[in-house]
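J.: First, the structure itself, so that you have it in front of you.
Every number in this text was worked out from the coordinates using simple rules, so none of it is lab data. Quick caveat, the model's predicted, so the values are computed rather than measured. Reconstructed Cβ throughout: ideal geometry from the backbone, glycine too, with neighbour counts over all protein chains shown.
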Amino acid sequence: METEELAFRPCLRAPIPEIFEAAFYLDEAIVAHLAGRTNLVKELILRTDMPVIRAWTESLWGKNSPYVKRRIVPEAPPIFSKEQRIKVRMPTLAEKGKLHQRDGYHCRFCGIPVIRMEIRNRIKEFYPDLLSWESKNEKQHAAFQAMWLQYDHLLPHARGGNNDLDNVVITCAPCNFGRMNYTLEEVGLMDPRKREPVHSSWDGLERFP
């Protein structure tokens, strides 16, 4: 959808309370795991695979999302060919550490708690029957899918964005994939660098062994 008039907002769609509820249960699941309470871990991980969270996530990805409204920006950078783009790369371990320290474990757009892929994979190794994660979106655990930590280029790579940490922020998967290759201005998003990151006791479940 394209529109000339679009108010600037902090995120594409406000998070729903169930995501924060799921984060609480997952944090409790780690406490239970460290205490050897396997049955409680299973109950909590299953409880967080909520259809309402999946619906929130799916409302944001894809070209037909009603929440991704594009405005025409005359001087916006073009979409460069692959040959013209800066070589994309993931942040190094040291750079990731700096990003985690700067941004914490919350999406810089919508503010939901996020979890690194590496932590999700470790939990899945312990509980493969509870944490589903297959190639199809609908076969992925709803809470871990919504809370999947991303390293997002604010000026998209396809639009000439570089890999400098000033151009990269931590986001959730729905905010990252929902924006696609649009610039912040094109989708009417405020620059998250102009407000303080969310800081809380949430540690991204990093203490999972």
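J.: Sort out which residues of the stretch 75-97 are of a type in the set (A, V, I, L, M) and under 16 Å from Gln150 (Cβ atoms), and write them in order of number.
T.: Answer for the stretch 75-97, where residues must be of a type in the set (A, V, I, L, M) and under 16 Å from Gln150 (Cβ atoms): Val88, Met90.
J.: Would you check which residues across the stretch 87-121 are outside any helix (DSSP H, G or I) and either surrounded by fewer than 17 Cβ atoms within 10 Å (Cβ to Cβ) or free of Cβ contacts under 8 Å to residues at least 60 places away in the same chain (or both) and list them?
T.: Hits for the stretch 87-121 are Lys87, Val88, Arg89, Met90, Pro91, Thr92.
Residue-by-condition table, conditions (1) more than 16 Å from the chain's Cα centre (by Cα); (2) assigned to a loop (DSSP other than H, G, I, E, B); (3) surrounded by 12 or more Cβ atoms within 10 Å (Cβ to Cβ):
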position: Tyr25; (1), (2), (3): yes, no, yes
position: Val31; (1), (2), (3): yes, no, yes
position: Asn39; (1), (2), (3): yes, no, no
position: Lys42; (1), (2), (3): yes, no, yes
position: Ile45; (1), (2), (3): yes, no, yes
position: Arg85; (1), (2), (3): yes, yes, yes
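J.: Of all residues in the stretch 127-168, count the ones that are in contact with a His (Cβ under 7 Å, 6 or more places away or on another chain), of a type outside the set (S, T, N, Q) and not in a loop (DSSP other than H, G, I, E, B).
T.: The number of residues fulfilling the criteria is 2.
J.: Which residue is surrounded by the most Cβ atoms within 10 Å (Cβ to Cβ), if the candidates are limited to the stretch 122-145 and must be under 24 Å from His100 (Cβ atoms) and free of Cβ contacts under 8 Å to residues at least 12 places away in the same chain?
T.: In this case the residue turns out to be Gln140.
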